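Colleague: Below is the structure I would like to discuss, written out as structure tokens.
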Amino acid sequence: MCNLPPTTQRGTDAHLKIRDDFLPLSRPALGEEEVAAVAESLRSGWITSGPKVAELEGIFRETTGAPHAVAVTSATAGLHIVLSALGIGPGDEVATPSMTFASTVNQIVLRGATPVFADVDYGTLQVRPDALAARITPRTKAVIPVHFAGAPADLDPIRAAAERAGIPVIEDAAHAVGTAYKGVPAGGPPRPGTPGNIAIFSFHPIKNITTAEGGMVTCYDDALAARLRRLRFHGIERDAWKRYGKGGTPHYDIREPGYKYNLTDLQAAVGVVQMRKVAAMNARRADLARRYLAGIEGVPGIDLPEAVPYAHAHSWHLFVVKVTGMDRDAFIGALAERNVGVGLHFPPCHLLSYVRERYGTGEGELPDTERAGKGIVSLPLFPGMSDADVDYVCEAVREIVPGAGR
Ligand SMILES: *Cc1c(COP(=O)(O)O)cnc(C)c1O
């Protein structure tokens, strides 16, 4: 206990008994069923993209309501082929929040297009539809709202603004497996039978379901889906699985060169099992989030995540607080001394060195994003956490933040 910062040495309070094991920010919820599914795929003789990928794509068509689902090696790869297929390149702009993972912005930049940034709401960290709409110019070729932390972005006004401009909405649904907006799942159609947006999900180990690495693109346009399938695999029209399977033909042609972003069956096998569990895993995340909200409520100098003001289902991908009552790094250090890991989601993209240098962005442009960016800390949240783990973190926070009391 001798290394604790002075803020914890006050008063006569009993100190928190420091846990022996490290509580990480996140840990994937994988069990024997996933192990068995991988073993089955290994033994089947078909380990790369095949029947398991087709099954996982079917599950995403069913759960989102989108007619097309294209599995890829990551959400980042998905963004790359979506921006490519939409023909977005030099001279074009893409509007997105700065409060997002750099992957989104990197892909815009790597296409040679210019990212333009919209502010978020400080309390919810969701992109403000009016701010996003205000960034649309004649050069804007798409908008990319982010379903931040697992709550949905306000899609209706965003869709309306994009429709007026005649440009597509690409939902960054990396946090949104299980998220719904006004009763419609991320990637889903606003009304049955109508087209929805393009949506991109992530299966990175920190996300709500994992395939180690992986992602899924859903969309409504047949030609776009066909192009995404080609760009995913060398530009070849048909799946290797069908070319090399019984009754297949080994011939192929390539109309445009593609990348190598196909998900493997070993990974998809894990994804299929994870999708069976996702509702229960997200329900557990929601329980833990409620426990955090109650446990930290009223602590001065900690701003809790606020609920979005429209009907929604929250996947609770992350639990992001903002530290205002003390130095954020000191807060993180004090949690580390108590064996608690945290994350930063996210350092604002418009303040990243290369973005500042290339696009002349900087401090003072996005007040809520910048204010939030200085305080954000993601606390541990994953389905395998116990109630006692949450209580421990809440107690640690109360001990660390000056004037919180325990
Ligand atoms: C994780 C994440 C991505 C990228 O996902 P990968 O599957 O790791 O490429 C994109 N956008 C956001 C908001 C993310 O959190």
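The values are calculated or read from the model by the stated rules, or taken from the named source; none is laboratory data. If you're wondering where the values come from, they're calculated on a predicted model, not measured in any experiment. Cβ atoms come from the backbone with ideal geometry, glycine included; neighbour counts cover every protein chain shown. Heavy atoms of the whole protein, side chains included, go into the accessibility calculation; ligands, DNA and RNA do not. Shrake-Rupley method; radii C 1.70, N 1.55, O 1.52, S 1.80 Å.
Colleague: In this structure, is Val390 touching a residue at least 12 places away in the same chain (Cβ under 8 Å) and in contact with a Cys (Cβ under 9 Å, 6 or more places away or on another chain)?
Modeller: When the stated conditions are applied, Val390 does not pass them.
Colleague: Listed residues Asp154, Asp92, Asp121; which is more than 15 Å from the ligand (Cβ to nearest atom), open to solvent by 40 Å² or more (accessible area, probe 1.4 Å) and not assigned by TED's automatic domain parsing to the domain that holds Cys349?
Modeller: Asp121
Colleague: Out of all the residues in region 329-338, is one or more open to solvent by less than 10 Å² (accessible area, probe 1.4 Å), of a type in the set (Phe, Trp, Tyr) and assigned to a helix (DSSP H, G or I)?
Modeller: Yes - at least one qualifying residue is present in region 329-338.
Colleague: Can you name the residue in region 171-185 that is among the hydrophobic types (A, V, I, L, M, F, W, C) and within 12 Å of the ligand (Cβ to nearest atom) and is also nearest to Pro145 (Cα to Cα) among such residues?
Modeller: Ala173
Colleague: Restricting to region 193-213, what's the tally of residues that are near the ligand (Cβ under 9 Å from one of its atoms), among the hydrophobic types (A, V, I, L, M, F, W, C) and open to solvent by 10 Å² or more (accessible area, probe 1.4 Å)?
Modeller: Here the count works out to 1.
Colleague: Would you confirm whether or not region 140-149 contains a residue that is more than 16 Å from the ligand (Cβ to nearest atom) and not assigned by TED's automatic domain parsing to the domain that holds Val355?
Modeller: yes
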